Amino acid sequence: MNEQQQDRLKQAQSDLEVGQIAQATAVLLDLYDESDDDAILAPLAQSLMRQHQITAANRLVDEHFSYFVREELPLLFEVLLADHRFIEAHIILAQLPLAVTDSERFQLQQAEHSAPNNEGLVRQFNHLGAFSVVEQQQISSQAERLPKDQYVIATRKNLVDADVHPVWRLQLLNNLMRLRMSDNVSFLWIDNHEYSVVPERLVDSTESQAFHQLLDLLEKRYGHTDPIKQGQLQALIQVELQNLYPFVDDIVDNPEQWLVQFERQAQGKKLESDGASAEKWLKTVDQLMTNLID
């Protein structure tokens with residue numbers, strides 16, 4: 001920020017302190033459009049919250065998530081909890097040391113305890129398989145605003161419900177992993193077989209050994225010659241491997257062979273019919289995604 005903008009920021013902060021909220025918000029929004037200085041973010045979030053612009057405040061923290069986690073954790077939780085984003089709040093706390101989050105844990109516990117009872121959403125989420133694929137996604141997303149205990153109970157049921165689309169089951173299992181859930185959980189995988197895992201012992205597909213081996217191959221093959229293609233293939237690989245969670249490292253047994261198939265996918269070509277695991281599983285994932293759209 002230049003000197004004039006810094007003066008306007010100081011004045012807006014003074015206006016906030018004396019209750020001139022609307023005036024402060026207007027100035028802070030202008031500064032936000034003019035500058036990318038992080039010093040604007042916390043005062044703007046505070047002013048939006050005091051004006052009860054909950055959606056706008058949540059959009060702001062989402063756009064600058066790393067900053068708020070690192071520098072403004074209490075304010076971040078104030079914003080998230082105002083929108084009942086309980087599961088996301090639990091996931092954040094699960095990644096942070098206990099010593100720095102005592103206040104936020106208490107804040108979250110109190111917010112969940114005082115949240116209105118959403119019986120309709122609880123009932124829908126407990127019977128997720130009764131809804132269409134599109135509705136399942138919408139309900140699963142809304143369910144992240146339920147208290148953790150209610151969310152986990154229903155998620156356990158949905159993980160073994162064959163009528164819940166496999167992609168949504170994988171996302172639910174991934175959430176239990178990010179919640180660092182230490183109890184054993186059963187789930188139906190994309191091969192329609194039931195497995196049992198401890199979620200906190202799982203790793204995300206982007207943290208798998210196979211994913212990083214594929215990234216290394218991409219770097220060697222395209223890093224110095226075609227970085228655009230490298231980026232496109234990386235995005236494709238990341239999406240495809242998400243649908244093989246949590247068994248990516250068990251399935252991607254030959255990264256070089258898998259990369260050939262990914263390259264064919266990116267070019268719109270048919271997969272090579274070599275009877276290898278890459279062809280089998282990528283066709284399975286393709287069918288899943290087709291069912292997701294139909």
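Before moving on, here are some points about what is shown:
- Inter-label distance for ASP191 and ARG264, nm, one decimal - labels placed 7 Å from Cα along Cα-to-Cβ: 2.1 nm
- Heavy-atom accessible surface of the stretch 152-197: percent carbon and sulfur, 1.4 Å: 45 percent
- Helical contribution to [θ] at 222 nm, DSSP H n ≥ 4, -39,500 (n - 2.57), averaged over the chain, rounded to 500: -20500 deg cm²/dmol
- Size estimate for the stretch 32-109 follows the Kirkwood approach: the inverse of mean 1/r over distinct Cα pairs works out to 12.8 Å.
- Diffusion coefficient (Stokes-Einstein, Kirkwood radius over C-alpha pairs, 20 °C, 1.002 mPa s) for the stretch 214-294: 163 µm²/s, rounded to a whole number.
- Net length gained if the chain between ASN2 and GLN232 were fully extended (0.36 nm per residue, minus Cα distance): 79.0 nm
- Within the stretch 203-227, backbone nitrogen closer than 14 Å to the virtual label 7 Å beyond the Cα of LYS280 toward Cβ: none
- Lysine pair count for the chain with Cα-Cα distance under 23 Å and sequence separation of 8 or more or different chains is 10.
- Accessible area of the stretch 36-100 divided out per residue, in Å², using a probe of 1.4 angstrom: 46 Å²
- The angle between the Cα long axis of helix 148-159 and the longest principal axis of the Cα atoms of the chain comes to about 20 degrees, rounded to the nearest 10.
- With the simple model of a label 7 Å out from the Cα in the direction of the Cβ, VAL198 to HIS52 spans 4.8 nm.
- Here the alpha carbons of the chain define both size measures, Rg and Dmax, at 22.8, 72 Å.
- Each Cα pair of the stretch 135-277 feeds into the Kirkwood radius, which the Stokes-Einstein equation turns, at 20 °C and 1.002 mPa s, into a diffusion coefficient of 129 µm²/s.
- With Cα atoms, 0 to 90° folded angle of helix 41-50 axis to the chain main axis: 70 degrees
- Carbon + sulfur, % of accessible area of the stretch 40-136 - ligands and nucleic acids excluded, 1.4 Å: 52 percent
- Distance in nm between pseudo-label sites at SER273 and VAL160 (7 Å out along the Cβ direction from Cα): 4.0 nm
- Between helix 209-222 and the chain: long-axis angle, C-alpha atoms, 0 to 90°, nearest 10: 90 degrees
The values are calculated or read from the model by the stated rules, or taken from the named source; none is laboratory data. Computed from a predicted structure; not experimentally measured. Every residue, glycine among them, receives a Cβ derived from its backbone with ideal geometry; neighbour counts consider all protein chains shown. Heads up: the accessible areas ignore ligands, DNA and RNA and are worked out on the full protein's heavy atoms, side chains in. Shrake-Rupley method; radii C 1.70, N 1.55, O 1.52, S 1.80 Å.
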